[in-house]
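Okay, so here's the structure we're looking at.
Only the coordinates and a few stated rules stand behind these numbers; no lab work does. The structure displayed is predicted, hence computed values, not measured ones. Virtual Cβ from ideal backbone geometry, glycine too; neighbours counted across all protein chains shown.
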Amino acid sequence: MKQFVIIGNSAAGIAAVEAIRSKDKTAKITIISNEEYPVYCRCMISYYLAGEVKEEKLFYRPKDFYQKNNLELILNKKVSRVDPKKNRVVCEDKTQVGYDALFIATGARPRFPAIPGIKKKGIFGLRTLKDAKEISSLIPVTKSISVLGGGLIGLKAAYALRKRGIEVKVVVKSKQILSQMLDNPAAAFLQKRLEDNGIELLLGQDVTEIIGEGDIQAVKLGSGKVFGCSMVVVGKGVEPNIDLVKEAGIDCKDGIIVNNLLQTNIPNVYAGGDVCASSHALWPIAVEQGRLAGLNMAGEKIIYDGSLGMNSIEFFGLPVISLGIYKTKEGDAAYEELKVCDPKENTYKKLVLKGNILVGVILAGKIKNSGVFLRLIREKIDLSSIKDRLLADDFGCPDILDLVKDKEKVYV
């Protein structure tokens with residue numbers, strides 16, 4: 001009987017398990033997680049923190065999922081190292097688990113800046129359900145919070161805490177929020193919506209010190225300005241959880257390096273999700289990588305074609321989505337940008353084309369056709385015949401019917 005070991009119990013890990021089971025009903029599958037919960041949706045923990053989603057709604061597989069699929073689930077146990085020479089993993093408590101094939105889906109952890117006071121009590125990331133619960137438990141005794149970082153994690157935390165009635169200041173090193181997701185006009189739309197709902201954004205600044213004797217009392221900016229707060233949430237990016245492979249001979253560079261089969265340089269060791277180098281750190285991408293890795297572990301040879309950057313968010317009723325290449329260098333003749341902006345309606349649409357092929361999109365306010373644009377990007381369809389329709393309000397599925405390969409799935 002084959003023995004598969006999955007390290008990680010989230011998007012990539014669960015997708016790998018389900019893929020393996022679709023091909024092999026009898027193999028032994030062991031899932032090891034350093035968390036205490038069965039699989040839950042990390043994307044939703046900020047909404048749980050905001051009080052908009054109940055805890056039970058976070059769990060996206062039924063309670064008997066592990067039993068029905070004949071899985072051994074080991075929670076609250078951290079793998080300290082991988083030993084490829086002996087085909088085993090070794091946990092911190094010295095427990096050893098052998099494998100025929102291993103999938104590493106350990107994800108990533110918050111990156112904390114190296115500044116004075118960063119290790120004080122009351123400083124959190126927002127990556128796990130445990131983080132959200134610990135933050136939530138302190139809200140009754142918290143008046144003001146500082147969020148470090150204006151990316152997705154930072155703004156999700158700010159939104160959640162503002163919805164709970166907390167005074168929130170967000171310190172953003174960049175000159176705009178969501179600089180890795182949006183261009184300036186779209187970011188400005190979202191910035192105004194956040195500010196209109198009571199979130200203070202301090203752009204082009206950074207925190208240089210967290211002040212307090214014991215408890216947090218204030219944060220200090222590079223400008224010398226100091227303002228009070230009693231909690232800090234850090235949302236300044238993540239770093240992959242690769243400590244367990246550092247002495248295993250597995251190639252890493254800002255994450256685990258894999259080939260187009262999701263294999264590492266050791267053929268029976270696979271990796272996927274946020275732990276991988278150059279990962280987009282997105283849930284759908286982690287799921288796809290996990291699924292393909294699982295199939296390949298079970299004997300298939302399916303090529304992973306790479307991922308397309310995709311991000312979507314909604315704050316205070318304003319949805320925003322970006323797909324593919326959303327920014328181009330000024331004066332780069334290889335790209336063409338089509339834009340329409342309506343500040344009164346809070347809508348913005350930007351399309352980026354290269355040789356009449358759609359390569360990127362930003363939508364703010366109205367995002368109903370995002371699926372259509374995503375398909376056009378993925379299928380690399382020549383849009384010269386419908387170029388004049390792309391910015392139209394009523395552009396949609398009927399416009400692309402004659403261009404796509406599988407016409408029966410246009411409306412799906």
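For the pair residue 69 and residue 265, label points projected 7 Å from Cα toward Cβ lie 3.1 nm apart.
The calculated 222 nm mean residue ellipticity attributable to helices in the chain amounts to -6000 deg cm²/dmol, summing -39500 (n - 2.57) over DSSP H runs of n ≥ 4 and dividing by all residues.
If the segment from residue 85 to residue 330 were pulled out straight at 0.36 nm per residue, it would be longer than the present Cα-Cα gap by 83.1 nm. Note on region 123-234: semi-axes of the ellipsoid equivalent to its C-alpha gyration tensor, largest first and rounded to whole Å, are 22, 17, 12.
Subtract the Cα-Cα distance of residue 137 and residue 76 from 0.36 nm times their separation in residues, and report this length gain in nm to one decimal.
Net length gain for the segment: 19.8 nm.
Normalising by residue count, the chain has a Cα convex hull of 165 Å³ per residue. Taking the charge dipole of the chain about its Cα centre, with +1 at Lys and Arg Cβ atoms and -1 at Asp and Glu Cβ atoms, the residue from 104, 208, 308 reaching farthest to the positive side is 104. Taking neighbour Cβ counts within 10 Å as the exposure measure, how do 26, 328, 106, 95 sort from fewest upward? Placing the least packed residue first, the sequence is 26, 95, 328, 106. Let me make sure I get this right: for region 333-382, a, b and c are the square roots of the gyration tensor eigenvalues over alpha carbons, sorted descending. Under 1.5 in a/c it's rounded, otherwise prolate if a/b > b/c, else oblate. Which is it? Oblate. With all projection directions averaged, the alpha carbon convex hull of region 90-153 covers 7.3 nm². For region 230-247, 3J(HN,Hα) computed residue by residue from phi via the Karplus equation (6.51, -1.76, 1.60; θ = phi - 60°) reads 10, 8, 10, 10, 9, x, 10, x, 9, 10, x, 7, 10, 4, 5, 10, 4, 10 Hz, glycine and proline entered as x. For the chain, the membrane-span-like helix rule (DSSP H, alpha carbon extent of at least 20 Å along the helix axis, mean Kyte-Doolittle at least 0.0) picks out 283-297; this says nothing about an actual membrane.
What you get for region 123-234, charging only the Cβ of Lys and Arg (+1) and of Asp and Glu (-1), is a dipole of about 280 debye around the Cα centre.
Taken about its Cα centre, region 317-409 carries a charge dipole of about 280 debye when Lys and Arg each add +1 at the Cβ and Asp and Glu each add -1 at the Cβ. By the count of neighbouring beta-carbon atoms within 10 Å, fewest first, 227, 103 end up ordered 227, 103.
Candidates 136, 272, 46 compared by Cα position along the dipole of the chain: farthest toward the positive end lies 136, with charges placed on Cβ.
What is the calculated FRET efficiency for residue 195 to residue 2, with r their C-beta to C-beta distance and R₀ = 41 Å, to the nearest 0.05?
Working: r = 56 Å, r/R0 = 1.36.
Step by step, r from the Cβ atoms, then E = 0.15.
Based on the inverse mean of 1/r over its pairs of different Cα atoms, what is the Kirkwood hydrodynamic radius of region 317-409, in Å? Across region 317-409, the inverse of the average 1/r is 13.7 Å. Ordering 4, 59, 124 by the number of other Cβ atoms within 10 Å of each residue's own Cβ, fewest first, gives 59, 124, 4.
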